Every structure is written in structure tokens, then in C-alpha cells.
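J.: Let me give you the structure first, and then I'll get to my questions.
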Amino acid sequence: MKDKRIILGITGSIAAYKAAILERALVKKGAEVQVIITSAGKEFITPLTLSTLSRRPVISEFFARNDGSWNSHVDLGLWADAMLIAPATASTIGKMANGIADNMLVTTYLSCRAQVFVAPAMDMDMYAHPAVQQNLDRLRSFGDIIIEPGTGELASQLTGKGRMEEPDVIIEKLEIFFAKQNELRTKKILVTAGPTFEKIDPVRFIGNYSSGKMGFSLAEECAQRGADVCLVTGPVALQTKHPRIRRIDVETADEMYEAAIAHFPQADAGILCAAVADYRPATVATEKIKKDSEPLPIQLTTNQDIAASLGSLKRKNQVLIGFALETNDGIVHATAKLKKKNFDFIVLNMLDEPGAGFRGDTNKIHIIEQNREITSFPLKNKQAVASDIIDKLIAYLQ
Ligand code: CTP
């Protein structure tokens, strides 16, 4: 934490009193803390308390009416090594998720290139509301790290989930983030993600349910740990935020193959998370196929196996990671793919394990290595799963 520049955003929640404890602990650990507080936040805790702790004036307004001095949200966004919004109210989370820049805090958030941490604090029913949950999902999709609130007695005297996480836990998350930040510095990682779409005619395709979430989480995790990432993705509704992720959008397995083959030689590792279609229509109709009373057989032809091709090109110092989604005999099938495609290790998820696989925000994985060692992990959110996989990759790269 020493010399790290941290923007501490404080909003209008009773948990604002804990922000002073948080700020004090950050300063004690050697961080430079710049507080930005909303008008509602100032109702709960005074700027004087906060500026005394950080030894810096607290920022709240865009400008001072009396002398015309103003605060640059752009400079602040560039200054920070991390931004932590604690406590984050439902209102601020909603503004962040929708780009509503009507105060200094959210405006700085939109300008900030550094990692953002968000520690929500609110009543349990507010926290559970789909509007809040969807906004938090949007923030996750922007790459922000949500520090889930704890469960317990709330200021409303109700008991439930909504209590801002304790300052020592929040600080531990920041410390882990900073400690991991350079682990992959100088490394180049190729990640494939999402589904592929194989054209039938100008308006139809064969696709699959892959959301791309796991691959994007892996790309984000690699970038956060200092790697330069080349993310080759099929059609997904996800955004990338990290400046070290170079994104290449493709549609078909053929296009993904070309991009992966072109970028793998420069990479230290390849993570093949895409759900690539094994087949494509042998011919693509140039005009929309019209309905007929007869059945419509579609002849399929095989696509290139990107993983197997990279496996045969792999140099000694490169690491290749594959994925297997299985419905039955998972260990047997995944081990066969590990060998056939020359992966260093394969990440298996079983569709029949609750919370695992496509589309959702969670995953439950087993990592199988060439020496047949199997490590099984509990159900986690996809960012935490990505962290486990990248920990293993780092052990291989060393
Ligand atoms: N893969 C790939 N290119 C393909 C097919 C698969 O790169 N054309 C990669 C996937 O990204 C994944 C791994 O290979 O990392 C396993 O994919 P899977 O489709 O399960 O393997 P298959 O050999 O096609 O086996 P299955 O018969 O189960 O489809």
C-alpha cells in the first residue's frame, strides 16, 4: 500500500462513519488518500474529520463559486492507482452504471483509468432489488470489483445482506490487488472467448449459449496482473475496460482461427476459453432461405480445431490452457482433450454441477494437469474462478 494513490469516494450512507476508519488505516499503511465526498455524504461525516486524517483537502464540488478555483476530475482520474467507493449507495451505483455525471465523484469515476472497487452499503431489500443487482452487474461488466456487503444487523434494525464490508477486509482486498499487480508484467497472453456464429444464410447462423463471461474475466484478470492481453472474441454483449486488453472481434471459427494463429507466436501463454463451433454449414446461401413444406437438411463441414493447432505449434516456454464443458464422464473426456490438444492443463466444468458452465455469473471448476493431478474448486463467481486459473498459470510460467 506504500505510496499508492487512492481516491476514496464517500456517499450518503450511515456506513460513512466507517470510511474514516478505512481512511485512517490506508494512511497508516503509507497510502496517499484523496477523499471525494458527495453532498449526501457530508450529512453523515464532516469533511474536516476526513481532511485531518488524509492531510489533504476533501473534494466535493466541481468548483468554488467565490474564487473560481476548480477541481479536475480528469487529473484526479489519472493520478489514482485505485479508486475505492466506500460506502456506495444505491443511488451512486445507479449513476455509475448509467454514466450520470452529476457530481464530482461520479464524474471522476468515469474519467478514472485505475481499478475501481465498490463497497455497497444499504438496506437489505434495496440491495436485493433487481435494479441494484443489475446495476452492480453492469459495474462488474465494466471491470469494477464489487466488495460484497456483509450480512448482519443493519442500521434499519433489520437483519440481512447490505452492511458495508468491514474496513480491514476492504483493505485486504486492495492489498491483494496491489500485490498481484506485477505478477504477469512483461507477459503476453492470448485469450479466446465467447461463441462462434456459423452462417447458414444472410440472416441465420448456428451458434451456442456461451456468454463470453469466463473468457472476459480471464482477460481482465491477466491485465490486472500486468500482462498485455490479446482477446479474440466471438459475438458477445460484453465490454472490455482495461487499457492492456487489445480486443479482436470475430464471428466465425475460421476468423477466430486466423486471429489466434497470427497472435500465438508472440504470446507467453494461450487460454482457449471460446466455445468454438466444431462444424459450419458446407455452403452459405447467398439469399435468405425460404420456408418450404419439406424438411431442410443442412450439410455441415468440420471447422479447424484452434486448440489442437496451437498445441502442435506450442514452443517449450509457452503455456497452453484448454477448457472442457462436459455433461458426463468429465474427468475422462477432459483428460483425453488435455493429451490430444497438448494443453499444459485443462479447466473442466460439468454442466450438471449447479452454478457451473454457460451464461451464469458463477462457475465450479476442476483443473487437470498433464501429471494427472486434479484440483477441484468450490463454486465461485467468475472473477474469482479466473483468479484461481491465473494463479495456476503463473506457477507454470515460473
Ligand atoms: N477448441 C478450439 N477450437 C475448436 C474446438 C475447440 O480451440 N474448433 C478448444 C476450446 O476452446 C476448448 C477446448 O478446445 O479449450 C475443448 O473444446 P471442445 O469443443 O470441448 O473439444 P472437442 O475436441 O471439440 O470435443 P467435443 O467432442 O466434446 O466437442
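The values are calculated or read from the model by the stated rules, or taken from the named source; none is laboratory data. Fair warning: this is a prediction, and the values are worked out from it, not measured in the lab. When we count neighbours, we look across all protein chains shown, and the Cβ atoms used for this are built from the backbone with ideal geometry, even at glycine.
J.: Would it be correct to say that LEU379 is in contact with a Lys or Arg (Cβ under 6 Å, 6 or more places away or on another chain) and of a type outside the set (Gly, Ala, Ser)?
T.: It is true that LEU379 is in contact with a Lys or Arg (Cβ under 6 Å, 6 or more places away or on another chain) and of a type outside the set (Gly, Ala, Ser).
J.: Going residue by residue through the range 315-334, is there one that turns out to be within 28 Å of the chain's Cα centre (by Cα), more than 9 Å from the ligand (Cβ to nearest atom), surrounded by 13 or more Cβ atoms within 10 Å (Cβ to Cβ) and not hydrophobic (A, V, I, L, M, F, W, C)?
T.: Yes, that holds for at least one residue.
J.: State all residues of the range 1-32 that are closer than 17 Å to ALA88 by Cα and β-branched (Val, Ile, Thr); if no residue qualifies, say none.
T.: Listed by number, the residues that qualify are ILE6, ILE7, ILE10, THR11, ILE14, ILE21.
J.: Hey, among the residues in the range 296-313 that are out of contact with any helix residue (DSSP H, G or I) (no Cβ under 6 Å at 6 or more places or on another chain) and surrounded by 19 or more Cβ atoms within 10 Å (Cβ to Cβ), which one's nearest to LEU348 (Cα to Cα)?
T.: ALA307
J.: Sticking with this structure for a sec: Can you pull out every residue in the range 341-398 that is among the aromatic types (Phe, Trp, Tyr) and buried (at least 19 other Cβ atoms within 10 Å of the Cβ)?
T.: PHE343, PHE345 - these are the residues of the range 341-398 that are among the aromatic types (Phe, Trp, Tyr) and buried (at least 19 other Cβ atoms within 10 Å of the Cβ).
J.: Moving to a separate point now. Which residue pairs have Cβ atoms under 9 Å apart, sit 6 or more places apart or on different chains, and have a first residue in the range 130-148 that is without any contact (Cβ under 8 Å) to a residue 12 or more places away in the chain and a second that is of a type outside the set (A, V, I, L, M, F, W, C) and part of a helix (DSSP H, G or I)?
T.: Sorted first by the residue in the range 130-148, then by its partner, the pairs are GLN133/TYR127.
J.: Looking at the range 147-175, which of its residues are outside any helix (DSSP H, G or I) and crowded, with 19+ Cβ neighbours inside 10 Å?
T.: Of everything in the range 147-175, those that are outside any helix (DSSP H, G or I) and crowded, with 19+ Cβ neighbours inside 10 Å turn out to be ILE147, PRO149, LEU154, GLY162, ARG163, MET164, GLU165.
J.: Going by the conditions given, is PHE343 within 12 Å of the ligand (Cβ to nearest atom), within 25 Å of ASN208 (Cβ to Cβ) and among the aromatic types (Phe, Trp, Tyr)?
T.: Answer is yes for this residue.
J.: Restricted to the range 238-266, and to residues that are in contact with a strand residue (DSSP E or B) (Cβ under 7 Å, 6 or more places away or on another chain), in contact (Cβ under 8 Å) with a residue 40 or more places away in the chain and over 22 Å from GLN181 (Cβ atoms), which residue is nearest to the ligand (Cβ to nearest atom)?
T.: ALA253
J.: I would also like to ask the following. Among the residues of the range 247-267, is there at least one that is part of a strand (DSSP E or B), crowded, with 20+ Cβ neighbours inside 10 Å and in contact with a Gly (Cβ under 6 Å, 6 or more places away or on another chain)?
T.: The answer is no, given that none of the residues of the range 247-267 is part of a strand (DSSP E or B), crowded, with 20+ Cβ neighbours inside 10 Å and in contact with a Gly (Cβ under 6 Å, 6 or more places away or on another chain).
J.: Name, by its number, the condition in (1) closer than 28 Å to ILE365 by Cβ; (2) out of contact with any Gly (no Cβ under 7 Å at 6 or more places or on another chain); (3) away from the ligand (no atom under 16 Å from the Cβ) that does not hold for PRO295.
T.: Of (1) closer than 28 Å to ILE365 by Cβ; (2) out of contact with any Gly (no Cβ under 7 Å at 6 or more places or on another chain); (3) away from the ligand (no atom under 16 Å from the Cβ), only one is false for PRO295: (1).
Yes/no per residue for (1) in the same structural domain as LYS29 (by TED's automatic domain parsing); (2) under 15 Å from the mean Cα position of the chain (by Cα); (3) more than 28 Å from GLY355 (Cβ to Cβ):
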{"position": "GLU172", "(1), (2), (3)": "yes, no, no"}
{"position": "ARG204", "(1), (2), (3)": "no, no, yes"}
{"position": "ASN208", "(1), (2), (3)": "no, no, no"}
{"position": "LYS213", "(1), (2), (3)": "no, yes, no"}
{"position": "ALA219", "(1), (2), (3)": "no, yes, no"}
{"position": "ASP228", "(1), (2), (3)": "no, no, yes"}
{"position": "VAL232", "(1), (2), (3)": "no, no, no"}
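J.: Residues to consider are ALA285, ALA274, ALA269; find the one that is more than 16 Å from the ligand (Cβ to nearest atom) and touching a residue at least 40 places away in the same chain (Cβ under 8 Å).
T.: ALA285
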